[in-house]
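**Student:** Got a structure for you, written out below as structure tokens; questions coming shortly.
The values are calculated or read from the model by the stated rules, or taken from the named source; none is laboratory data. Quantities reported herein were computed from a predicted structural model and do not represent experimental measurements. Backbone-built Cβ (ideal geometry, glycine too); neighbour counts: all protein chains shown. For the accessible areas, the whole protein counts, side chains as well, though only heavy atoms, and no ligand, DNA or RNA atoms are used. Shrake-Rupley method; radii C 1.70, N 1.55, O 1.52, S 1.80 Å.
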Amino acid sequence: MDLQLLRCDAGLSVAQASEAINASRVPLSNAESGRRRLQDAYVGPLSHAYGVTTEELLAAQDVSFGLRRVRPLREARPSAPRTVGEKINYLLEHGYAGQTPPSNEQIAQAVNEHSGTTHMTADDIATLRSGAPTTASDAVRAGLAHALQVDIALFQDDAELSPAAGEFLEAIRFLGSIHQGQILGLAARGNQAGLSAGMMAKINEVVGELKNKLPGEQSEQ
């Protein structure tokens, strides 16, 4: 596990991890990308923020620099989704904790209602989700964003995710797989990551509830 996966496994964005070491994002970004190692002063605080030992953090840093391969400290996380179908599957899997995700038919209906002209069917959605070669028009992408309550920017590019979109997907995955003790450091960050108003409200609600329930959380703030 490298430094980036270690941070994601702790449920922290780059900004939140940088706050833990009282620094800008540059040192952490450089270390995660294998450009420059972390200063010694950052190792202890970052290990504490990630919930690992300093030895585990330094081992992860070696992986980031291509110096070694180590056994994952925790279950490996899936890579970020790129295609339209991967993004649909990702949001359905991680974005509906405690709720029933919409069916293919419900998604198709929402896409059609949003566009007013598109004629999507449940089979069309299933084809997108299966990974079969296909294309999605701008109207379909906009409708999918509406149906799944995310910003349209998330569906606009199949090749590359913006840093904001990446952080948003990390937050969705984190909220969908929360366990006691992993909430530390999470804070809703306005609408910078492409959240819809409804999704933003849900994140704030969940974060507020969990912060009140976790033992010792209030005393550590």
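**Student:** With θ set to phi - 60° and the Karplus curve 6.51 cos²θ - 1.76 cosθ + 1.60, what are the ³J(HN,Hα) couplings of region 6-19 in order, to the nearest whole Hz, using x for Gly and Pro?
**Tutor:** 5, 5, 4, 5, 7, x, 10, 7, 4, 4, 5, 5, 5, 4
**Student:** Another question, then. Using a basic spin-label model with each label point 7 Å from the Cα along Cα→Cβ, how many nm lie between E55 and S137?
**Tutor:** Between E55 and S137, the simple spin-label model gives 6.0 nm.
**Student:** Taking the full set of protein chains and a 1.4 angstrom probe, give the accessible area of D123 in square angstrom, rounded to the nearest 10.
**Tutor:** Estimated to the nearest 10 Å², D123 gives 110 Å².
**Student:** Let me check I've understood the local charge: for N30, count other residues with C-beta under 14 angstrom from its C-beta, Lys and Arg +1, Asp and Glu -1. What total comes out?
**Tutor:** On the way: positive: R7, R25, R35, R36, R37; negative: D2, E32.
Neighbour charge sum, excluding N30 itself: +3.
**Student:** At 1.4 Å probe size, what's the solvent-accessible area of H114? Round to the nearest 10 Å².
**Tutor:** Near enough 90 Å² of accessible area.
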